[in-house]
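Remarks on the structure that follows.
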Amino acid sequence: MAGRMFIASMAQLTAMRPDNPLAIQPLASFLASDFFAVALLILVAVISMRMVAGEREKGTLEFLYSLPLKDSEIVLGKFLGGWAFFCLVILVTLVHMALYRAFGELDIRQIFSSYVGLGLIGMAFVGVGLFCSCLVAHQIVAGLLVFLVLGVSIFLGDIVSFVGVGETAG
């Protein structure tokens, strides 16, 4: 996956050269790609599948409930921990932005707002992942459930257009 991202980054760097008449905004095109959506799905599924289901499977959930914490504090802590790890992984991509900035012009406001939006999407995805992890007892099932639920919600428009729901015969 890292090799694919590197090749895509180099292709975008080439595409945004000043002498290229078809120069595009690299971040917008990368964030709108299906590859990035699937990478986010895999990332969130891997992060969130162990949140509760892994604890239940290992038998440490009872120990966690025996601590002097409210259930809401446990859930909030797991959510914030998962979201912080998601943000940490996403912030690694700032290296790509530094390369883009070195070889071309970037709109810093667009970059900032894209990362804020990505953080908010991460919040929603980690929340769904935490919910799915609470539903099942095994972490692999939780990961698959997260992947399925988020995959259907992300690609629902593509699925509907492929199936042709709502088209009239004629």
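Here the Karplus curve 6.51 cos²θ - 1.76 cosθ + 1.60, taken at θ = phi - 60°, turns the phi angles of the range 133-149 into couplings of 5, 6, 6, 10, 9, 10, 5, 5, 5, 5, x, 5, 5, 4, 4, 5, 5 Hz, with x standing for Gly and Pro. Centre-to-centre separation between the Cα atoms of the range 41-72 and those of the range 94-120: 33 Å.
Each label was represented as a point 7 Å from its Cα along the Cα-to-Cβ direction; for D107 and I74 these points are 4.7 nm apart. Pairwise Cα distances in the range 49-118 exceed 21 Å for 48 percent of all pairs.
Residues of the range 33-142: accessible area per residue at 1.4 Å, in Å²?
On a per-residue basis, the range 33-142 sits at 57 Å².
Within the accessible surface of the range 54-104, defined with a 1.4 Å probe on protein heavy atoms only, the carbon and sulfur portion equals 72 percent. The phi-based Karplus calculation (6.51 cos²θ - 1.76 cosθ + 1.60; θ = phi - 60°) puts the 3J(HN,Hα) values of the range 69-84 at 10, 7, 4, 5, 5, 5, 5, 5, x, 5, 5, 5, x, x, 5, 5 Hz, whole numbers, x for Gly and Pro.
The values are calculated or read from the model by the stated rules, or taken from the named source; none is laboratory data. If you're wondering where the values come from, they're calculated on a predicted model, not measured in any experiment. Glycine also receives a Cβ, built like all others from the backbone with ideal geometry; neighbour counts cover every protein chain displayed. These accessible areas exclude ligands, DNA and RNA; they are computed on the full protein's heavy atoms, side chains included. Shrake-Rupley method; radii C 1.70, N 1.55, O 1.52, S 1.80 Å.
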